[in-house]
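Since the structure comes first, as C-alpha cells, the remarks are kept for the end.
The values are calculated or read from the model by the stated rules, or taken from the named source; none is laboratory data. Just so you know, these numbers come straight off a predicted model, no measurement behind them. As a convention, Cβ positions derive from the backbone with ideal geometry for all residues, glycine included, and neighbour counts pool all protein chains shown.
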Amino acid sequence: MNVDTADLDDADALADLWVDLATGQRDHGSHLLAAQNREQARESLLRHALTGGLLVAREDGDVLGFVSFYPEGGSFEQDVQRGIVENIYVVPERRGEGIGSTLLEAAEEELIADGVEVLALEAMADNERARRFYRRHGYEPHRVELERETDTRDGG
C-alpha cells in the first residue's frame, strides 16, 4: 500500500467513498444527506486535490481510503496556526490494517511542513470507534458542540 496525492481522475471514486463516509456518519447522528451531497463533496475534494490537501491510499491501483486537510485560515487572528483534518475514510473491508493511521500521519506531516502548530479534527460524539482512534493518535477534546431540536422539527 502507498499513500500519494490524489489526482483529478480520482474525483468520482473519492466522491463515492465520501458518500459511504457520510452514510456511515448518519448512524452517529450526522444531519448530512449523503447521496444528495455527492456533487458538492466531489467539488470539495477536487479543490483539496488542486491545493495538495488530499491524499489517497492505494494498492494495486485500487483506492483504499483518503484524507482531506487544510491549514485553517480566516479573518480572526489566533495565537497558533491550526491545521484541519476534514475527512478520513478507509473502505470497511480494510479497516484495522493501519491504513487510517498511515493516512492521518501523512496528512499531519504535510500540515506540519506547512507550518501549523496545532492539529484539529471533528468526530461525531456518538462515534466511539472514531474517537478511540483519534485518542490513540494524541487528539483530545478541545471544543464541544451542543444542539437541541426545536418544536418546528417534523412540522411540530
Practice problem: Determine, yes or no, whether S68 is surrounded by fewer than 19 Cβ atoms within 10 Å (Cβ to Cβ) and of a type in the set (S, T, Y). | Solution: no
Quiz item: Under the condition of being among the polar types (S, T, N, Q) and surrounded by fewer than 12 Cβ atoms within 10 Å (Cβ to Cβ), which residue from region 120-156 is modelled with the highest pLDDT?
Solution: T150
Practice problem: Of all residues in region 13-64, count the ones that are farther than 27 Å from G98 by Cβ and among the charged types (D, E, K, R). | Solution: 5
Quiz item: Can you name the residue in region 75-112 that is in contact (Cβ under 8 Å) with a residue 12 or more places away in the chain, under 23 Å from T51 (Cβ atoms) and among the small types (G, A, S) and, of all such residues, is surrounded by the most Cβ atoms within 10 Å (Cβ to Cβ)?
Solution: A107
Practice problem: Any residue in region 123-138 that's within 12 Å of Q25 (Cα to Cα): show its pairings with residues that are of a type in the set (F, W, Y) at Cβ separation under 8 Å, as long as the two are six or more apart or on different chains. | Solution: A123/Y134
